[in-house]
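Colleague: Got a structure for you, questions after.
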Amino acid sequence: TVVLYNALFRVGRSLVKPGGAMAIIFPVYRLFDTEHLTGNFSSYAATGWEFVPPRLTQYYPQARLSSRGTLVYSRDDQIVARELTVWRSLPR
């Protein structure tokens, strides 16, 4: 999965104009009452993308955020949750 997301961010630079944004959903594995986040945000930033923190909490204060400040969605019985992120393309 790491290789797939790294390629997505590299190719995305040619598809999204500077200042444009894309939404990416990463899997979050829930094992033994612990959530394991995937994705290497620093490597995506190195390809010219900036993580845009969610502003949802000002409208929905009970939103569940991960340890890195992203929105996480799941039902109680799910093993794999979803980490919803937005990324902005930086000037080239």
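Colleague: Spin-label point model (7 Å from Cα, Cβ direction): what's the residue 34 to residue 2 distance in nm?
Modeller: 1.8
Colleague: How big is the chain on each of its three principal axes, counting only the C-alpha atoms and giving the largest first in Å?
Modeller: 41, 32, 17
Colleague: Given an 8 Å cut-off on Cα distances and at least 6 residues of separation, report the relative contact order of the chain as a percent. It would help to have the intermediate numbers written out before the result.
Modeller: Numbers: 137 pairs, mean separation 36.7, N = 92.
Result for the chain is 40 percent.
Colleague: While we're on this one: Could you give me the ³J(HN,Hα) list for segment 42-49, computed from phi with Karplus coefficients 6.51, -1.76, 1.60 and θ = phi - 60°, whole Hz, x at Gly and Pro?
Modeller: Result, ordered by residue: 5, 6, 6, 4, 5, 8, x, 10 Hz.
Colleague: About the Cα centre of the chain, what is the dipole size in debye to 20, counting +1 per Lys and Arg Cβ and -1 per Asp and Glu Cβ, all else neutral?
Modeller: Working: 11 positive and 6 negative charges, 99 e Å.
So the magnitude is around 480 debye.
Colleague: I would also like to ask the following. Which listed residue (69, 32, 48) has the Cα farthest towards the positive end of the charge dipole for the chain, taking +1 on Lys and Arg C-beta and -1 on Asp and Glu C-beta about the Cα centre?
Modeller: Working it through, the farthest residue towards the positive pole turns out to be 48.
Colleague: Also, quick follow-up: Divide by every residue of the chain the summed helix terms, -39500 (n - 2.57) for each DSSP H run of at least 4, and state the resulting mean residue ellipticity at 222 nm, rounded to the nearest 500 deg cm²/dmol. Walk me through the intermediate numbers first.
Modeller: Working: 2 runs with 20 residues, N = 92.
So the calculated ellipticity at 222 nm is -6500 deg cm²/dmol.
Colleague: Need one number: nm distance between label points at residue 52 and residue 25, each 7 Å from Cα along Cα→Cβ, rounded to one decimal.
Modeller: Roughly 1.8 nm, to one decimal.
Colleague: Just by accessible area at a 1.4 angstrom probe, what is the order of 67, 74 from largest to smallest? Before the final figure, lay out each step's value.
Modeller: Numbers: 67 115, 74 30 Å².
From most exposed to least exposed: 67, 74.
The values are calculated or read from the model by the stated rules, or taken from the named source; none is laboratory data. Values in this document were obtained by computation on a predicted structure and should not be read as measured data. Please note: Cβ atoms are built from the backbone with ideal geometry, for glycine as well, and neighbour counts cover all protein chains shown. Accessible surface is based on the protein model in full, side chains and every heavy atom, while ligands, DNA and RNA are left aside. Shrake-Rupley method; radii C 1.70, N 1.55, O 1.52, S 1.80 Å.
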